[in-house]
1. How many Cβ atoms of partner chains, on average, are near each residue of A:31-38 if near means within 10 Å of its Cβ?
2. Measure out, as a whole number of angstrom, how far apart the alpha-carbon centroids of the stretch B:129-162 and the stretch B:42-59 sit.
3. List the aspartates and glutamates whose Cα sits under 18 Å from the Cα of B:Lys94, skipping any in the same chain fewer than 8 residues away.
4. Helix A:16-56 versus the longest principal axis of chain A: what is the Cα-based angle in degrees, 0 to 90, to the nearest 10?
5. Loop only by DSSP, 13 or fewer other Cβ within 10 Å of the Cβ. Give me the trypsin sites (Lys or Arg not before Pro) in the stretch B:46-151 that pass, ordered by residue number.
6. What does the C-alpha gyration tensor say about the overall shape of the protein assembly as shown? Classify as rounded when a/c is under 1.5, otherwise prolate if a/b is larger than b/c, or oblate.
7. Mean residue ellipticity at 222 nm from the helices of the protein assembly as shown, using -39,500 (n - 2.57) per DSSP H segment of n ≥ 4 over the full residue count, to the nearest 500 deg cm²/dmol?
8. So how compact is the stretch B:87-157: Cα radius of gyration and Dmax in angstrom?
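What follows draws every value from the coordinates through simple rules; no lab data is involved. Please read all numbers here as calculations on a predicted model, not as lab measurements. Note that we place each Cβ from the backbone using ideal geometry, even for glycine, and neighbour counts take in every protein chain shown.
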Amino acid sequence: MYFDSVSALLQMDGHGSYVWSAYGITALTLIALLVAPLQRKKRQLRELRAHYRREQA
Amino acid sequence: MWAWFHKWSSPRWFYQLSGRLLPWLAVISAVCLLVGVAWGLLYVPPDYKQGNSFRIIYIHVPAAAVAMAGYMMMAIAGAISLVWRIKLADMVVKCAAPIGAALTFLALVTGAIWGKPTWGTWWVWDARITSVLVLFFLYIGIIALYEAFENKEAAGRACAILALVGAVNIPIIYWSVEWWYSLHQPASISFTGESSIHPSMLRPLMLTITGFYAFFGVALLMFVRNEILDRERNTRWVRELVTAAAR
């Protein structure tokens, strides 16, 4: 481990706010890229099921 | 060869195969990203000139690399969709655009955040940065163009053409740091000669690059699979799949 303490890790000699904000934005964006298709799939399955039921009726 | 090509382009076959592939890709991506990021943030010593800000490299370079490679893949899918009228290729073009746009956005934003402590500025109209901004607008343009058409077949063709034309931008991005050398540094990783980055910094970078490529694969497969369900809704196999999942 390069840093001696958690606060040193957070501060990174003054570069902490840059590094952590870059990683934070990246994490949020990547998570959004996974959540979006998962939610769309849920919605689609619901819609398709309703669509097929209507066809049968 | 042709049988292989046809099989691959069948949405049903692709749906089944991608479903089996997806968990593996997801595991590879998660492991590479988590290990690479932890290594890069916690264990690698800081750069002697840039200090700790250089740690942004572990997300900036992979995001930019995959944004460019993703564009090339999208342009090739566009060519396949134009020449052979393959539905699956058309879906890939449509689905790759938002993922590529998000990764290009990340490359630009992490680059700006890195630029502030390193160059003293968030933004500069350097050739590399400007051409990546053009890449971002190309991705956004493809999304907007697709939405602009009522007829989805015409939309697919227009997007494929735009993707192909925009591909000229990729070599421009790639060599921009050599042709118009200004603030952005040239490549540190070389496949033919010796890399100018220290191995201790390079190893975690290789991991996060692999992780981002695998992530792109995961996201693309998820988007394309949804698109397949939507467009093939009137086929028997999708009906059976959906009704079986309900039980």
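1. Details: counts 0, 1, 11, 5, 0, 7, 13, 2.
What the average comes to for A:31-38 is 5.
2. 36
3. Cross-link targets: B:Glu147, B:Glu150, B:Glu153, B:Glu227, B:Asp230, B:Glu232.
4. Approximately 10 degrees, to the nearest ten.
5. Sparse-neighbourhood loop trypsin sites (Lys or Arg not before Pro): B:Lys49, B:Arg85.
6. Values: a/c = 2.27, a/b = 1.68, b/c = 1.36.
It is prolate, given that a/c is not under 1.5 and a/b is the larger ratio.
7. Calculated from helices alone, the mean residue ellipticity at 222 nm is -27000 deg cm²/dmol.
8. Over the stretch B:87-157's Cα set, Rg and Dmax evaluate to 15.4, 48 Å.
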